[in-house]
Amino acid sequence: GAGVSQSPRYKVAKRGRDVALRCDSISGHVTLYWYRQTLGQGSEVLTYSQSDAQRDKSGRPSGRFSAERPERSVSTLKIQRTEQGDSAVYLCASSRDRGYEQYFGPGTRLTVT
Amino acid sequence: LAKTTQPISMDSYEGQEVNITCSHNNIATNDYITWYQQFPSQGPRFIIQGYKTKVTNEVASLFIPADRKSSTLSLPRVSLSDTAVYYCLVASDQTGANNLFFGTGTRLTVIP
């Protein structure tokens, strides 16, 4: 079907508030990744999951990041107690399995004020 | 950790062939090399993937020497629409999330 989609495309949050970002991945894809992309620093993986088994790397950069995957092709990235340093583009990507090419969504630009 | 190093930026005129090289000295035996293209306000888009020697598809070629410590993405006859950031990613199905990292990429500007 369609590619990876993300919502919202833009989000403004006050510092200290929690935010939730949604990703609809490609049907049939097993692995789902969340990246944070910052200008001049590249993109780092925040968390990824294999099928329905969440492998949460919320330790990067802290326990404030977590992801839920209520359905195989839906994931929600949750950021607790947002900080100004969380301002970035959050990219979701899915792939057939680990090691295969990744298909990215357009990203959600989060601005923490 | 197979860290990658790429030139920060490159300029090219329309119609020329562009070669972007990525260094990955610590590449592991199981790692594949994948290149992505990213336009502003969009997520990265897969271009090509290879393990060794040469791979070609309808948009690009990928050259990988025998030692696999570098790779070169070749874009034939670039057009203005090829202006974008290009990333190389080195990973396998065993790569942990902590080692999945896109660097700052190479910003290619195609000049009319």
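At-a-glance table
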{"item": "Residues of the range B:26-41 that turn out to be open to solvent by 60 Å² or more (accessible area, probe 1.4 Å) and under 15 Å from the mean Cα position of the chain (by Cα), as a count", "result": "1"}
{"item": "Filter result (in contact with a Cys (Cβ under 8 Å, 6 or more places away or on another chain) and over 30 Å from A:Arg9 (Cβ atoms)) within the range B:36-86", "result": "B:Ser70, B:Ser71, B:Thr72"}
{"item": "Which listed residue, of B:Leu100, B:Leu75, is of a type in the set (A, V, I, L, M) and within 9 Å of another protein chain (Cβ to nearest Cβ)", "result": "B:Leu100"}
{"item": "Breaking point among (1) over 24 Å from B:Asp11 (Cα atoms); (2) within 14 Å of chain A (Cβ to nearest Cβ); (3) open to solvent by 50 Å² or more (accessible area, probe 1.4 Å), for B:Thr53", "result": "(2)"}
{"item": "Residue tally, condition open to solvent by less than 10 Å² (accessible area, probe 1.4 Å) and either over 25 Å from B:Thr104 (Cα atoms) or within 14 Å of chain B (Cβ to nearest Cβ) (or both), over the range A:75-87", "result": "2"}
{"item": "Pairs with Cβ under 6 Å, 6+ apart, first in the range B:69-82 and in contact (Cβ under 8 Å) with a residue 60 or more places away in the chain, second surrounded by 14 or more Cβ atoms within 10 Å (Cβ to Cβ) and among the small types (Gly, Ala, Ser)", "result": "B:Val78/B:Ser12"}
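Listed here are the residues, each with its yes/no results for (1) hydroxyl-bearing (Ser, Thr, Tyr); (2) open to solvent by 40 Å² or more (accessible area, probe 1.4 Å); (3) part of a loop (DSSP other than H, G, I, E, B).
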{"position": "B:Gly43", "(1), (2), (3)": "no, no, yes"}
{"position": "B:Leu62", "(1), (2), (3)": "no, no, no"}
{"position": "B:Ala66", "(1), (2), (3)": "no, yes, yes"}
{"position": "B:Ser71", "(1), (2), (3)": "yes, no, no"}
{"position": "B:Arg77", "(1), (2), (3)": "no, yes, yes"}
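The values are calculated or read from the model by the stated rules, or taken from the named source; none is laboratory data. Remember, it's a predicted structure, so these values are computed and weren't measured experimentally. Don't worry about glycine lacking a Cβ; one is built from the backbone with ideal geometry, like all the others, and counts go over all protein chains shown. Accessible surface areas use protein heavy atoms only, side chains included; no ligands, DNA or RNA. Shrake-Rupley method; radii C 1.70, N 1.55, O 1.52, S 1.80 Å.
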